[in-house]
Amino acid sequence: MPNKRRSKITQGEMSPAYLAEYVMHLGDLSYEMEMQRYESLLSSSGRLLTCCSILSVALLTFLPVVADVSLVPKSFVAVSYAVVFLFVIASFSFGLVAQYRFKYQEVQSPRSLARLVIKEQKLYETELIVAEHYCDVLEEPYKSIRKRNEKLSSLLKKSTWCLGIAVGFSSLFVVIAGFAAVFWAA
């Protein structure tokens, strides 16, 4: 909140016009923050999909080498890769679903809003009532966008967890294979 606004609030110099402007500002801010959150979630989804792709390529690149050179049984290598890829595929799937453009309620068209305001102009007696109506117009789309963002956030959390588990299992299987190779070599 800018210092100018803070000083007006602390000094108690809030006119109805100032309050109306402030209410409309808060409505805009809230709505814009959810829209920016959506953009951020989509960007995160894209990065997770890239991570899944890089991990898959890395694992598939080393599979022939591990299968041919490894002193551990091929069945251990096969099971290890199957478990890791199960989580990579799950992570990729959650990330891909998060890229889907879920439906949400939009703000009414400018013409329909204008007609509504003109038709009911007698209701808008003060600037504060106008500001309240402005926020009311944003309320349902805001709730809808927030619900959509929560779906995306949940999908991305699941995708991140699956990717983390895949990386964890990969590391664990490398350690187990290393100990097994040392044990069998001796």
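The values are calculated or read from the model by the stated rules, or taken from the named source; none is laboratory data. Note that the coordinates shown come from a computational prediction; the quantities given were computed from them, not determined experimentally. We place every Cβ from the backbone using ideal geometry, glycine too, and count neighbours over all the protein chains shown. Accessible surface is based on the protein model in full, side chains and every heavy atom, while ligands, DNA and RNA are left aside. Shrake-Rupley method; radii C 1.70, N 1.55, O 1.52, S 1.80 Å.
Selection of the stretch 121-155 for residues being in contact (Cβ under 8 Å) with a residue 40 or more places away in the chain, open to solvent by less than 70 Å² (accessible area, probe 1.4 Å) and closer than 14 Å to Arg37 by Cα yields Tyr142, Ser144, Ile145, Arg148, Asn149, Leu152, Ser153.
Residue count for the stretch 110-166 satisfying the condition of being of a type in the set (S, T, N, Q), farther than 30 Å from Ile89 by Cβ and in a helix (DSSP H, G or I): 3. The set of residues in the stretch 166-185 being hydrophobic (A, V, I, L, M, F, W, C), closer than 21 Å to Phe85 by Cβ and open to solvent by less than 60 Å² (accessible area, probe 1.4 Å) consists of Ala166, Phe173, Ala177, Ala180.
Note on the stretch 1-105: enclosed helices (runs of 4 or more DSSP H) holding 3 or more residues that are modelled with pLDDT of 80 or more and over 30 Å from Val130 (Cβ atoms) are 16-69, 74-98.
The set of residues in the stretch 64-85 that are open to solvent by 50 Å² or more (accessible area, probe 1.4 Å) and in contact (Cβ under 8 Å) with a residue 60 or more places away in the chain comprises Val66, Leu71, Phe76.
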